[in-house]
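Below you'll find the structure, written out as structure tokens, and then a few comments.
The values are calculated or read from the model by the stated rules, or taken from the named source; none is laboratory data. Quick caveat, the model's predicted, so the values are computed rather than measured. As a convention, Cβ positions derive from the backbone with ideal geometry for all residues, glycine included, and neighbour counts pool all protein chains shown. Please note that ligands, DNA and RNA were not included when accessible areas were found on the heavy atoms of the full protein model with its side chains. Shrake-Rupley method; radii C 1.70, N 1.55, O 1.52, S 1.80 Å.
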Amino acid sequence: MQPWYEEAAFADGGVIRNGREILFQGFNWESHKSDWWVNLEKKVSDLAESGFTSVWLPPATHSVSPEGYLPQNLYSLDSSYGSELQLKVLLQKLSQHKIRAMADIVINHRVGTTQGHGGAYNRFDGIPMSWDEHAITSCSGGLGNQSTGSNFPGVPNIDHTQPFVRKEIINWLIWLRENLKFQDFRFDFAKGYDANFVKEYVKQSKPIFSVGEYWDSCSYSSASQLDYNQDSHRQRIINWIDKTGGLCAAFDFTTKGILQEAMKGELWRLRDPQGKPPGVVGWWPSRAVTFIENHDSGSTQGHWPFPSDHIMEGYAYILTHPGIPTVFYDHFYDWGKSIHDQIMDVRRHQDIHSRSTIRILESHSNLYAAIIGEKVCIKIGDRSWCPTDGEWKLATSGTRYAVWCSFLLFTSPLDLYFLNQHF
């Protein structure tokens, strides 16, 4: 039996305690090919109206790869996504619309400017944070210590055990917060270095909200058969969050893996043996950032894609359930208006949050049904079903999904307006 965690044990910010975050991933793998900061700046008003609280931006600093994930000069803000001025205009507009900007923090590895030990580019001469080979782990060609996590192949991996390295990273994070007004952080490839360092970085730089990408492989009984029980997988993510002192949330890769398999006529996967959701959201929902796709798993990379004909069911699930949902740029702007205008409205107006209660009523091959917060009821699957207990009103529906709201809760003028607009 896995442990439950007491929220009071962790000194987190008000955002995590409030639990009403809706995140937006504001890019895909091809975004660097256009004037991306300008494109996003034009969409800020729409994002604010839709209720997003934080927009995750691609890496904003200089990189030897156009996507931004091979960083070099961390203080240079001219990138393939646009100029420093264009970035600052975007950040200012986000602030004006009370949306927080989330910086993509790529500090597992860094590409040097000159060759050093072993002929690798592991020296950083002539740029800020001008480290030598001792800032690079010995297992990736440097003169530092062994890595405290998984090695990212092909590039110099940063040795976070070095005090001078941590000091300069903290100064950079504070610069992002104070000078550029980034308020949230997303830690890339978080399994590459010990979570204790993330804890230190968050404590010192004080982002309002932070989330880590701890992407680990799910359990499979064969090359294509996902195991029903993914407790060991979600426990590893839980352990990572716990080691940050609960200060950092984590993307719920367990839920993604299970949910996309469940859509293939295996909806019974969506209830664990204890009757709870089977991902991180079932054990520590206030730290579980749910999503169905990102720039790595989907987009043009397609490393682990969600079934394209089940996108709406996926969003119906994460936007009505506990946890902190994330909407992917491509889906929000390229998949019609169902996400845009309906399901997100249900979450906001019915006040579903990261810790909302959930009662799973049905979980069969072709039917999943649950009541969330005693306010929202959802059905996914081909099988015909509707709630029979209480008074419910259909809020939105589509192919293989339907969402109802408790009619008794539509009491305020705003709720009545919402009701009239949608039914």
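Modelled spin labels at Ser138 and Gln274, positioned 7 Å past Cα toward Cβ, are 4.1 nm from each other. Accessible surface of Glu67, taken over heavy atoms with a 1.4 Å probe and every protein chain present, rounds to 30 Å². Taking Arg271, Arg110, Arg166 and ordering them by how much accessible surface each has at a 1.4 Å probe, largest first, produces Arg271, Arg166, Arg110. Shape of segment 334-404 from its Cα gyration tensor (a ≥ b ≥ c, root eigenvalues): rounded if a/c is under 1.5, otherwise prolate when a/b > b/c, or oblate? Here segment 334-404 falls in the oblate category. Among 283-291, 223-231, 356-364, the peptide with the highest mean count of other Cβ atoms within 10 Å heads the list, and the full ranking is 283-291, 356-364, 223-231. Its DSSP H runs of at least 4 residues, each contributing -39,500 (n - 2.57), put the calculated 222 nm mean residue ellipticity of the chain at -7500 deg cm²/dmol, to the nearest 500. Ranking of Glu374, Glu84 by solvent-accessible surface, largest first: Glu374, Glu84 (1.4 Å probe, protein heavy atoms only, all chains present).
With the full set of protein chains in place, find how many percent of the accessible area of segment 19-88 is carbon and sulfur; take the probe as 1.4 Å. Provide the component values of the computation, followed by the final result.
Values: 1200 of 2430 Å².
Reported share for carbon and sulfur atoms: 50 percent.
Taking the longest Cα principal axis of the chain as reference, the axis of helix 253-262 is set at about 40 degrees. Farthest towards the positive end of the charge dipole of the chain, among the residues Gly373, Ile169, His310, is the Cα of Gly373, using unit charges on the Cβ of Lys, Arg, Asp and Glu. The residues of segment 189-251 present an accessible area of 37 Å² per residue when probed at 1.4 Å with all protein chains retained.
Our summary of shape: the Cα atoms of the chain have principal axis extents of 69, 47, 41 Å, ordered from largest down, in whole angstrom. Along segment 75-91 the Karplus relation, 6.51 cos²θ - 1.76 cosθ + 1.60 evaluated at θ = phi - 60°, assigns HN-Hα couplings of 9, 8, 9, 8, 10, 5, 7, x, 7, 4, 5, 5, 4, 5, 5, 4, 4 Hz to successive residues, with x for each Gly and Pro.
Take the solvent-accessible surface of the protein heavy atoms, probe 1.4 Å, and return the percent of it on segment 94-198 that carbon and sulfur atoms account for. Could the numbers behind the result be given before it?
Working: 1960 of 4070 Å².
C and S fraction of accessible area: 48 percent.
Summarised as an ellipsoid, segment 1-147 has semi-axes of 33, 25, 12 Å, derived from the eigenvalues of the Cα gyration tensor scaled by 5 and square-rooted, with the largest first. Here the contact order of the chain, divided by its residue count and restricted to Cα pairs under 8 Å and six or more residues apart, works out to 13 percent. Taking all protein chains as shown and a probe of 1.4 angstrom, His349 keeps an accessible surface of around 50 Å². Here's the list of lysines a cross-link from Lys98 could span, going by alpha-carbon distance under 17 Å and ignoring same-chain residues fewer than 8 apart: Lys42, Lys43, Lys88, Lys181. Please say if segment 260-314 is rounded, prolate or oblate, where rounded means a/c under 1.5 for a ≥ b ≥ c the square roots of the C-alpha gyration tensor eigenvalues, and otherwise the choice is prolate for a/b larger than b/c and oblate otherwise? Because a/c hits 1.5 or more and a/b fails to exceed b/c, segment 260-314 counts as oblate. Here Tyr214 sits with roughly 40 square angstrom of accessible surface, probe radius 1.4 Å.
When a/c reaches 1.5 or more, the comparison of a/b and b/c decides; with that in mind, is segment 142-230 rounded, prolate or oblate per its Cα gyration tensor?
Numbers: a/c = 2.88, a/b = 1.57, b/c = 1.84.
Oblate shape, in that a/c is at least 1.5 and b/c is the bigger or equal ratio.
Estimated from the Cβ-Cβ distance and a Förster radius of 22 angstrom, the FRET efficiency linking Ser222 and His303 is about 0.70.
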